[in-house]
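Reviewing the structure listed below.
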Amino acid sequence: MGDFGVEAKGVKQIKFTNWSQTFSCEPNLYFVPKDVEELREIIFLAKSTNKKIRVVGCGHSPSDICCTDDYMISLRFFNNVLSINCETNTIRVEAGITLTEINAYLDSHKLAIPVLGSVSDITIAGVISTGTHGTGAKFGVLADYVLDMELITTSGDTIKCSRDENSDVFLSALSGLGAIGIIIRLTFQCEPAFLLYEYSYPSTLGEVLEELDEELKSCDHYRFLWFPHTDCVSVQNNNRIYNKEVTKYTASQRACNWFWDYAIGYYTLEFAYWLSTYYQPLVPYINRIWFWLLYSRPKERINISHKVFNFECLFKQHVNEWSIPREKTAKVLLELKSWIERTPNIYVHFPVEVRFVKEDDIYLSPAYGRDSTFINIIMYRPYGKDVSHSAYWDQYEKIMKESGG
Ligand SMILES: Cc1cc2nc3c(=O)[nH]c(=O)nc-3n(C[C@H](O)[C@H](O)[C@H](O)COP(=O)(O)OP(=O)(O)OC[C@H]3O[C@@H](n4cnc5c(N)ncnc54)[C@H](O)[C@@H]3O)c2cc1C
């Protein structure tokens, strides 16, 4: 065991706040170890002082999962690529590296991560510990692409695990919410770099639910955004495409894109939702008008995979996302729609985002043993102002639970 000189490296009076500024804490000590030895010393110190440890990645989890009064550890310095194999399409990395860093490295080696969620400024360990997912009937949660890992346990020992070695530890630590050990290194399965062709088009909730099975089979990455208080849906349909050029925009097209994406899609929308905090019946009008402004015409583009998977998430927001067996998708969405429409004084923001994930065998994964639909509801916090969302959250969770959520 160490001599606990490491205690002096712990920073006091740090306030941690998660990305959406909805949860915060003041850990007793905050550490940023520079190597595995220092990490071990912190573990021994925690044992001797009876403190618990929470590892934090980029703090993007929309929950208090990283919060602690005891010791918080960031693996910010564990951000190296250890090796890459362009024959097996695999990359070995340290756990604190971000997906943005991995994407850039893979780009230069003509490889890519097969599927991503909406953002990449998050750590690989944070991603795999929480069942982070993108969309696509044939694509699992990102943890499903991990081939092996090394963890440090509370005894300070390093455990290597994979599907062939310590498989119970492996399948527990993937999607393990940071509770199984500290992940320090892992190998990730990639694929040859690809472009995505994105086609988005307007539809209705009735239509997408009716054609869901066919739509899911028809493309690599299918998702849709439903606009509550309306029947409007924006479908986003992405397919791998080869031997094509990335869509190029002229200066005037870029200015036009900025106008719609930022001036209308962000600044004006935030103002409109802020106004609606004083008069909530505005919300259904806002949802309908913004659908019409931004999503009522088909659009297409081609870009590098991660630039299509990811988008710039500008709004601070409350988020709630559960998964259900895929066959319950229509039942759940129609129940939620009916509840929103018949309940007085319920006004909810757009979108409700619906994504699809292939089943896996990871013990705590939300897609364990079943092809799953992830339904994500949000309430924005315009200019940081809190909007009431507890009734919406409660009813959503009740409906999801009743359908195996
Ligand atoms: C704008 C935005 C968009 C998002 N989009 C999506 C999306 O499209 N799909 C989706 O599924 N999720 C999405 N998320 C959620 C996000 O992917 C997860 O919360 C992810 O865990 C964030 O990674 P992080 O590095 O910030 O982890 P943190 O939030 O810092 O940590 C998450 C968990 O991982 C644990 N952990 C971190 N590092 C380690 C380690 N080395 N060893 C063991 N445990 C560790 C922590 O203890 C904690 O339990 C989004 C979040 C935001 C804010």
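Any read-out appearing in this document is the output of simple, stated calculations on the displayed coordinates, not a laboratory observation. Fair warning: this is a prediction, and the values are worked out from it, not measured in the lab. Cβ sites come from the backbone with ideal geometry, for glycine too, and all protein chains shown count toward neighbours.
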Quick check: the angle from helix 282-295's long axis to the longest principal axis of the chain, C-alpha only, nearest 10 degrees?
90 degrees
Tally Lys and Arg at +1 and Asp and Glu at -1 over the other residues with C-beta under 14 Å from the C-beta of Ser120: what net charge comes out?
-3
If you fit an axis through the alpha-carbon atoms of helix 329-342 and take the longest principal axis of the Cα set of the chain, what angle between them do you get, 0 to 90°, nearest 10?
60 degrees
Tell me the Kirkwood hydrodynamic radius of the chain in angstroms, computed as one over the mean inverse distance between distinct C-alpha pairs.
22.6 Å
Place a point 7 Å from Cα of His109 in the direction of its Cβ. Which residues in segment 60-94 have their backbone N less than 12 Å from it?
81-94
Based on the mean of other Cβ atoms within 10 Å per residue, sort peptides 164-173, 371-380 so the most packed one is first.
371-380, 164-173
Explain nothing, just the number: relative contact order of segment 50-157, from Cα pairs under 8 Å at least 6 residues apart, as a whole percent.
19 percent
Does anyone have the angle between helix 390-402 and the longest principal axis of the chain? Alpha-carbon axes, 0 to 90°, nearest 10?
80 degrees
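Local charge sum around Arg76 (other residues, Cβ-Cβ under 14 Å, Lys/Arg +1, Asp/Glu -1)? The partial results should precede the final answer.
Values: positive: Lys9, Lys34; negative: Asp35, Glu38, Glu94, Glu101, Asp121.
Residues near Arg76 contribute -3 overall.
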For Gly134, the residues 5 or more places away or on another chain with a placed amide H closer than 5 Å to its own amide H are Leu142
Quick one: Karplus J couplings for segment 207-213, per residue in order, coefficients 6.51, -1.76, 1.60, θ = phi - 60°, nearest Hz, x for Gly and Pro?
5, 5, 5, 5, 9, 4, 4
Residues of segment 104-118 with amide nitrogen under 12 Å from the 7 Å Cα-to-Cβ point of Glu191?
112-116
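Please get the size of the charge dipole for segment 195-402, origin at its Cα centre, with Cβ charges of +1 on Lys and Arg and -1 on Asp and Glu, quoted in debye to the nearest 20.
On the way: 24 positive and 27 negative charges, 124 e Å.
Charge dipole of segment 195-402: 600 debye, to the nearest 20.
So, by mean Cβ neighbours within 10 angstrom, what's the order for 103-116, 129-142 with the highest one leading?
Going from most to least packed, we get 129-142, 103-116.
Please go through segment 254-312 and write out the trypsin sites (Lys or Arg not before Pro) that DSSP classes as loop and that have at most 16 other C-beta atoms within 10 Å.
On the way: sites: Arg254, Arg288, Lys299, Arg301, Lys307; in loops: none.
Qualifying residues, ordered by number: none.
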Sequence-separation-based contact order of the chain, relative, with Cα cut under 8 Å and 6+ spacing, percent:
15 percent
Please give the peptides 239-249, 338-348 ranked by average Cβ packing (other Cβ atoms within 10 Å per residue), highest first, as a rough proxy for protection.
338-348, 239-249
3J(HN,Hα) from dihedral phi, segment 298-304, Karplus parametrisation 6.51/-1.76/1.60, rounded to Hz, x for glycine, proline
x, 9, 9, 6, 10, 7, 4
Can you work out the Karplus-derived ³J(HN,Hα) for every residue in segment 19-36? Use 6.51 cos²θ - 1.76 cosθ + 1.60 with θ = phi - 60°, whole Hz, and x for glycine or proline.
3, 8, 6, 9, 9, 8, 7, 10, x, 4, 9, 10, 10, 10, x, 8, 7, 5
Which far-off residues, 5 or more places away or on another chain, put their amide H under 5 Å from the one on Ile183, with H placed in the peptide plane?
Ile152
